[in-house]
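Everything on this sheet refers to the single structure shown next.
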Amino acid sequence: MKAQTKEMQAVMTPKSSLQYLKNGNVRFQENFRANRNLLEQVKDTSKGQFPFATILSCIDSRVPIELLFDQGIGDVFNVKIAGNFVNSDILGSMEFACKLAGTKLIVVLGHTACGAVKGACDDAKLGNLTGMLSKIKPAVNAVLEPVDASQRNSSNIEFVNNVAKENVQLTIERILKESDVLAEMKNNDEIKIVGAMYDINTGKVLFL
């Protein structure tokens, strides 16, 4: 499989870009990879890049974006930060990716058993981590069940995963609220912005 070209990027739509990722994740789950010569793709992309998607995910080492979507070099912009939230720098990167570099899709990808989410659930305090985890606290507060405080912590994996899912939805809301560029592109159907959850137990991505 060849690297993405300008011509390939031009004919992809937000809908087909999403389907492309879904198909790649199915291949990953079936342990079947598209045939790629990665060194050839390095050469092919040395003078330009034409990715079709931008994916915001967690830094967790168990969430390797290109692998779990079976993508190659030059196919996707990969934005990683613990807890997959956005700030002005990440929003700027996304605006570059979509408005200037031509990607048609933004995916906000959370995952099960997320350590950053666990830290937010436990109200962990540690240096700069404290401020970072505060970005995830709105998702903790938005998940109303269980009410019992003793069950609202990292020992309750169902609660953790529900918070991770809520964090994805709130992140999408922040993208649309805080980036006029991306909101306008979405409203004009130039891009699609979707949320998803990756199951670290199965390798499956569930789009929300």
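Taken together, the values in this text are just the output of simple stated rules run on the coordinates, not laboratory data. For clarity, every value in this text was computed on a predicted model and none was experimentally measured. Note: ideal-geometry Cβ built from the backbone for every residue, glycine included; neighbour counts use all protein chains shown.
Here each label is just a point 7 Å from Cα along the line to Cβ, and for Asp148 and Asn78 those points are 4.1 nm apart. For Ile193, the residues whose amide H sits under 5 Å from its own are Ile106, ignoring neighbours fewer than 5 places away on the same chain, with H placed 1.01 Å from N. Answer with a single label: of (1) 17.5, 56; (2) 24.7, 88; (3) 22.1, 83, which was calculated as Rg and Dmax of the Cα atoms in Å from the structure in view? So the structure-derived entry is (1). Here is what passes the span test in the chain: the DSSP H helices with alpha carbon length of 20 Å or more along the helix axis and a Kyte-Doolittle mean of -0.5 or above are 157-178. With each label modelled as a point 7 angstrom along the Cα→C-beta vector, the Leu129-Leu176 pair spans 3.4 nm. Relative contact order for the chain using alpha-carbon pairs under 8 Å, separation at least 6, rounded to a whole percent? Result for the chain is 24 percent. Potential lengthening of the chain between Asn35 and Asp199 amounts to 56.5 nm, from the contour at 0.36 nm per residue minus the alpha-carbon distance. Straight-line cross-link partners of Lys15 among the lysines, defined as a Cα under 27 Å from its Cα and at least 8 positions apart when in the same chain: Lys2, Lys6, Lys80, Lys99, Lys104, Lys165, Lys177, Lys186, Lys192, Lys204.
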